[in-house]
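Heads up: the structure comes next, in structure tokens.
Read the figures in this text as sums done on the coordinates, not as results from a lab. Everything numeric here is computed off the predicted structure, so don't read it as measured data. Here the Cβ positions follow ideal geometry from the backbone for every residue, glycine too, while neighbour counts run over all protein chains shown.
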Amino acid sequence: MSDAVLSRLKNISSDCEKVQEELLLSLVRRNADTEYGRKYDFSGIDSLEDYRRRVPLTEWKDYDALVSRMISGEDNILTTEKVVYYCISSGLADDPKYIPLTSADINTQKRYAIDGVNETISDYFGMPDGEKPGKHIFYIGEFFRTFAENGTMSGVRMGAPYRVLEDGGELDLSVFTAPGEILFPEKLDDMLYMKIRFALADRKVDAIHGIFVNKIVGLLDHLLKNFELYTEDIATGRVSDKFKISDEWREYIEKKLPADPERAEELRRIVTGDGTDLALKIWPNLKYICVSGGAIFSGYMEQLKKFTGKKIPVHYFVYSTAETNIGIALEMNKPDRYTLIADAAYFEFLPVESDWKTRPLNAWEVQQGKEYELLVTTLSGLYRYSVQDIVRVEDFYGRMPVISVCYRTNQVMNLAEERVTTRQMTEVCLHLGRCMGTDITEYCMDADRNARTPFYIVYIETGMGKTNNEKKCSEILDKKLQEISSGYRRARSEGTLDEARVISLRRGAFRSFGAYLSKNGYRMEQSRPLRIIASEDQRAFFKKKAEE
């Protein structure tokens, strides 16, 4: 590999003003004759300031109808380049977005999210140039072979480069434990069982790759709880009736993975206990984990360390959204440190608590320690678009910011102008777990807005199961929340918010929520954890779980 990607990144980060301006101007010139370009006179733009004066800040509602027309077959609306993939937004929206991606966008993603990540990991281990860091990768993600109504490939952002490489016969499938038909299934079936069976059959697994850490933790927790069933299936070459998989996949597994009593016996000798070092016990050759994590996933990161061993290094992958590639982690074991990629998009930064009339800053104008709303102009036809993430500038690489992700702009509790973020609540729940002597494995927030004095409702799930002392938990959480959030402290002192209420759920409640979403047609390949209840369906689900 000769660190070609990392060398490129270093050079463009040092010269980011020139790189960003050239990128932006090339995009507007290329797309001047599109419907959007004519509307905002792209042909008359010769500088960053011209661009800012002519083109407004945007959000998804500004593109929804335009993209629908593109999917229906119209050209030259947002970009002159051919759209080769429609990225389906992750999350819990009832009406998912279909983001157009061009080849240039996907090639950039491949460069950094695959090649750049491999170079970073290889450098960490001091591997020779060209040697891949993972040769037996247990890959958690799923890249369904789905298509938009016009026949263009569609799916989640992280699947785009893999789908394109696989479609062209350029993807080396030999490094994955699961075969191609399981990594790239034709139908939206749950591949969890099949992926685990193939990974358990491979004694040489040396890496676990995923997207969000909650998915890896959920898989390992599932494996722990069903370990005896899996070992029995390996011994017999069959599939237990306890696992709900289709007859088609049941037949596939029984054909591809015949009985292996020797491997089953090896696994039976493992003392699983509470899951400590479970992954290392199953796969002694495990070298590293590659996954998106960080502060907003703090509870999951602690569980991951328990399952995989605290000495196993973690690469925190890349920071990207459905709309664009944003940053890459350049060091192992450093969460929340993403170096922005100067040739992936044109970036602007709007200071927190300012409105859209405020002049956004360029990447080289931001200040370390400050928080900003991130705006992007993408390679695929979105212009000055808010990705709805609040980021904090932690450092600089060359002149390009190194950022952490703080919270989503639509993931803030704000009943009385207190603005409590999910990042703050995650820290509060970690504190509550320590006070309780257990992990809070999941939480989400709601509110009783109809009470005389509104209050937060925080649903929690702990490692020890449902607690009987919700009142004490409520007191601890409320006190810590006042310490950590000045807005919440003010609202409590003014009497505009009442004490928060903690409601403890039985173990498995959040897992069943994921099953509920999947059953109702949500794409779950790279779903983030639910943190703020946003619909009546979600509210009814958790109220029912609280009564169990």
Could you work out the helix-only [θ] at 222 nm for the chain, with each DSSP H run of four or more residues adding -39,500 (n - 2.57) and the total divided by the number of residues, to the nearest 500 deg cm²/dmol? -10500 deg cm²/dmol
By its C-alpha gyration tensor, with a ≥ b ≥ c as the square roots of the eigenvalues, how is region 175-217 shaped: rounded for a/c under 1.5, else prolate for a/b larger than b/c, else oblate? oblate
Using the Cβ atoms and a cut-off under 14 Å, what net charge is assigned to the surroundings of R52, where Lys and Arg are +1 and Asp and Glu are -1? -2
Exposure-ranked with fewest Cβ neighbours within 10 Å first, V376, V318 stand as V376, V318
Report, in listed order, any pair from K472/K545; K242/K311; K135/K215 with a Cα-Cα distance greater than 24 Å. K242/K311
Counting alpha carbon pairs within less than 8 Å and at least 6 residues apart, what relative contact order, in whole percent, applies to region 412-547? 28
Other residues with Cβ under 14 Å from the Cβ of P161 give, with Lys and Arg +1 and Asp and Glu -1, a net charge of -2
Under Stokes-Einstein, with the Kirkwood radius over Cα pairs standing in for Rh, what whole-number D in µm²/s applies to the chain at 10 °C and 1.306 mPa s? 64
Once both labels are modelled 7 Å past Cα along the beta-carbon direction, what's the E254-E186 spacing in nm? 2.1
Mind scanning K225/K306; K244/K544; K97/K244 and naming the pairs with a C-alpha gap bigger than 21 Å? K244/K544; K97/K244
How high is the relative contact order of the chain, given as a whole-number percent (alpha carbon pairs under 8 Å, six or more residues apart)? 13
Hand me the chymotrypsin sites (Phe, Trp or Tyr not before Pro) from region 319-396 located in a DSSP loop with no more than 14 other Cβ atoms within 10 Å, in residue order please. W356
Just name one of I234, T426, G210: the one whose Cα is farthest towards the positive end of the charge dipole of the chain (beta-carbon charges, Lys/Arg +1, Asp/Glu -1). T426
Spin-label model distance (nm) - S72 vs N285, 7 Å beyond Cα toward Cβ: 5.4
Sorting K195, K472 on the 10 Å Cβ count, fewest up front, what's the list? K472, K195
Rounded to the nearest 5, what is the percent of antiparallel bridges among the DSSP beta bridges in the chain? 70
Qualifying aspartates and glutamates (Cα of each under 19 Å from Cα of K132; at least 8 residues distant if same chain): D3, D115, E119, D123, E166, E170, D172, D202, D206, E331
Around R392 (Cβ within 10 Å, Cβ-to-Cβ, excluding R392; K/R +1, D/E -1) the net charge comes to -1
Charged-residue dipole, Cβ positions (Lys, Arg, Asp, Glu), region 118-315 about Cα centre, Debye nearest 20: 600
On a straight-distance basis, which lysines could pair with K357 in a cross-link, Cα separation under 22 angstrom, same-chain partners fewer than 8 positions away excluded? K39, K61, K370
Could you work out the pair-distance distribution P(r) of region 118-315 from its alpha-carbon pairs, with 10 angstrom bin width and percents rounded to whole numbers? 8, 33, 37, 19, 2, 0
Do me a favour and compute the ellipsoid semi-axes for region 281-401 from its Cα gyration tensor, root of five times each eigenvalue, largest one first, whole Å. 31, 14, 13
Set of lysines near K471 by C-alpha distance (under 16 Å), chain-local residues within fewer than 8 positions excluded: K479, K480
For region 432-479 and region 1-62, what is the centre-to-centre distance using only Cα atoms, to the nearest Å? 46
What size of dipole, in debye to the nearest 20, comes out for region 412-547 about its Cα centre when the only charges are +1 on Lys and Arg C-beta atoms and -1 on Asp and Glu C-beta atoms? 280
Just want the ordering: F541, F184, from fewest to most Cβ atoms lying within 10 Å of their own Cβ. F541, F184
Need the full-extension length gain, K479 to N107, defined as separation in residues times 0.36 nm minus the C-alpha distance. One decimal, nm. 129.0 nm
Estimated dipole of the chain in Debye, rounded to 20 [Cβ of Lys and Arg +1, of Asp and Glu -1, Cα centre]: 1340
Length-normalised contact order of region 1-90, Cα under 8 Å, at least 6 apart, in percent, tallies to 28
Give the separation of the Cα centroids, region 309-340 to region 159-203, in Å. 22
